[in-house]
1. What are the pairs, 6+ residues apart or on separate chains, where a residue within segment 272-291 that is within 14 Å of Arg176 (Cα to Cα) has its Cβ under 9 Å from a residue that is of a type in the set (Asp, Glu) and modelled with pLDDT of 95 or more?
2. Mind counting the residues in segment 201-251 that are in a helix (DSSP H, G or I), aromatic (Phe, Trp, Tyr) and either in the same structural domain as Pro480 (by TED's automatic domain parsing) or more than 19 Å from Ala65 (Cα to Cα) (or both)?
3. Just checking, how many residues over segment 336-367 are in contact (Cβ under 8 Å) with a residue 24 or more places away in the chain, surrounded by 13 or more Cβ atoms within 10 Å (Cβ to Cβ) and touching a helix residue (DSSP H, G or I) at 6+ places or on another chain (Cβ under 8 Å)?
4. Checking Val30 against (1) modelled with pLDDT of 95 or more; (2) among the β-branched types (Val, Ile, Thr); (3) farther than 20 Å from Tyr149 by Cβ: exactly one of these is not met. Which one?
5. For segment 218-236, which residues satisfy the criterion of being of a type in the set (Val, Ile, Thr) and either farther than 22 Å from Gly323 by Cα or surrounded by 24 or more Cβ atoms within 10 Å (Cβ to Cβ) (or both)?
6. Having 3 or more residues that are buried (at least 18 other Cβ atoms within 10 Å of the Cβ), in the same structural domain as Asp211 (by TED's automatic domain parsing) and over 18 Å from the mean Cα position of the chain (by Cα) is the bar; report the strands (runs of 3 or more DSSP E) wholly within segment 43-155 that clear it.
7. For segment 433-454, check the following and say yes or no: at least one residue is at pLDDT 95 or above, buried (at least 20 other Cβ atoms within 10 Å of the Cβ) and charged (D, E, K, R).
8. Looking at segment 462-498, which of its residues are without any contact (Cβ under 8 Å) to a residue 12 or more places away in the chain and not hydrophobic (A, V, I, L, M, F, W, C)?
Amino acid sequence: MLLVRTALTRTLGVLAALLALLFGGLSSAVAEPALPEAVTTSSGDIKGNAPDSSGVVSYKGIPYAAAPVGPLRWRSPQPPESWSGVRDATAFGNICMGVATPSTPLTSMSEDCLSLNVWAPADDLRPKAVMVWLHGGGFQFGSGSEALYDGARLASKGVVVVTLNYRLGVFGFLARHDLDAESGRSGNFALQDQIAALRWIQSNIDAFGGDPDNVTVFGESAGAHAVGMLMASPQTTGLFHKAIAQSGAFWDSVYGSIDTHAVAMARGDALSVTMNAPTLAALRAIPAHRLNAATARLDTSAFQPSIDGAVVPDEPARVFAQGRQRQVPLLAGYMAEESFPVFEDKTLPHNPPPLFDASAAQVFGLASMDEFKPRYPSGTISQTHASARQLAADMMITEQTWEMLGLHQRTSGQPVYGYKFTYTSPYSPRAGHTSDVPFVFGNLEARSSALLPEEPSEADRAFSDKVMCYWMAFARSGDPDTSGLPAWAPFQGPGSQLQELATTPVSIADPDASRLRFVASFRKDGRLPDTWRMYF
């Protein structure tokens, strides 16, 4: 009924505009864009922004869950409150509490932040593929309203784009014994937020012209890790139908695998000491900004995803190895220089060069050094520096993304497509972590000026268009192949073909399999050694 009602109102709006042109506006050279009709959601009617120059309408700050404040702090997301009348949906909602950045300042943060944003073509009433973006930021910062993630350019090509906020840091990932006793397993409220948003999309996206039976989740860095964990979760059945993971998979790192529930609870129970708040009630009474100031940081003691036994039932890698993940088509890949610019402080000591081999022997064991040295050579200072950066990239991002591709190809029976992003230009001189995001959204001008040595060129825009076309083709059909672009061969397992995303995309033999097999060999039943934590 929602789709029929929306289609009817849009059709009437188009007819009214035509009549106005015929009988009252023939003398006007340019007609003002008509405001969109109100859209009915499960909580009430909303009205968004007028169509932009590409004919895309946007709806912003739509609550998909109740504000997680007061007694709802550290509880599963609850349904949003309904409203009467027509709610304004022209401005983004609050950013969730977390680490402040230039694009997510403290002044814009609030606990009342569980909202999403929708971009949709205004003049196409056919049900369209839906692309749901999960933002990155290490689960400590970021939001769905950042300029890089504006969905207008993607939507102008014929899809519906959704971005969303989810709880971060201590607000999204606190695990405690008293929380477990209160409402079951705790620790992954942020992932529950993402699931709640996907449920809202299932109930409402048809009113925006989206097809609830054709939803793709996609994300980068922490967003890609979230994609992997949602694929491994038993709570996401039927909520999405395809997945794209850009630089991430299982939330593993140089510190070993994802936290166990015991580790997460020990960190959560220690919060009472940090905040001088002995009870859960006392913790809930602490003002949000004070709690955020005391806990928001980017290190291994930060609050983060864990194996809660419910949302994340087990090691994600083990879930994939056993074929218990969501059986959906997967497109995933990694950057040529994942360590740049954010993980270069994760390298092993490597100056002078002999220190690198000695450090690696502590991590991997002396018996493994004959295998290690050819893969990460240290003959010269420059060679050692490159190997140290490559190892950090492999342990933080590359190995697990590559391994997810292989496991899903082996156990799912679904189409799998892998890539290595190598594109560089004066605008984007290194294919580092996050460098792909402006190209995926077509928002080249929105990139941080600190990382923007030159303005984007026509070649950059042409490459961005190729990436967007691949991503949208996959979202529509589960296959990135599309007319006018080089063919993209399916991934057939480790050592097979990847798509190199370069100026001219091309299929290449998997170039990193030897290194990544070495790192992967240290997994035992899906888990990396916890002893790695002591070396970094």
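1. Cβ pairs passing all conditions: Thr279/Asp178; Leu280/Asp178.
2. If we filter segment 201-251 for residues that are in a helix (DSSP H, G or I), which is where we start, we get 201-208, 222-231, 234-236.
From what is left, the residues that are aromatic (Phe, Trp, Tyr) are 208.
So of that shortlist, the ones also either in the same structural domain as Pro480 (by TED's automatic domain parsing) or more than 19 Å from Ala65 (Cα to Cα) (or both) come out as none.
Number of matching residues: 0.
3. Taking segment 336-367 first, the residues in contact (Cβ under 8 Å) with a residue 24 or more places away in the chain are 336-344, 346-348, 350-354, 356, 359-360, 362-364.
Next, from what is left, pick out any that are surrounded by 13 or more Cβ atoms within 10 Å (Cβ to Cβ): 336-344, 346-348, 350, 353, 356, 359-360, 362-364.
Narrowing the set further to residues that are touching a helix residue (DSSP H, G or I) at 6+ places or on another chain (Cβ under 8 Å) leaves 337-341, 343-344, 346-348, 350, 353, 356, 359-360, 362-364.
So the answer is 18.
4. (1)
5. The initial filter retains those residues of segment 218-236 that are of a type in the set (Val, Ile, Thr), namely 227, 236.
Matches in segment 218-236: Val227 only.
6. Those strands (runs of 3 or more DSSP E) span 56-63.
7. In the first step, residues of segment 433-454 are kept if they are at pLDDT 95 or above; the result is 433-444.
Okay, now just the ones that are also buried (at least 20 other Cβ atoms within 10 Å of the Cβ), so 433-444.
Add one more test, that the residue is charged (D, E, K, R), and what stays is 436.
Yes.
8. Once the filter is applied, which keeps residues that are without any contact (Cβ under 8 Å) to a residue 12 or more places away in the chain and not hydrophobic (A, V, I, L, M, F, W, C), segment 462-498 yields Ser477, Asp481, Ser483.
The values are calculated or read from the model by the stated rules, or taken from the named source; none is laboratory data. Please read these numbers as outputs of a predicted model, since none were measured by experiment. Virtual Cβ from ideal backbone geometry, glycine too; neighbours counted across all protein chains shown.
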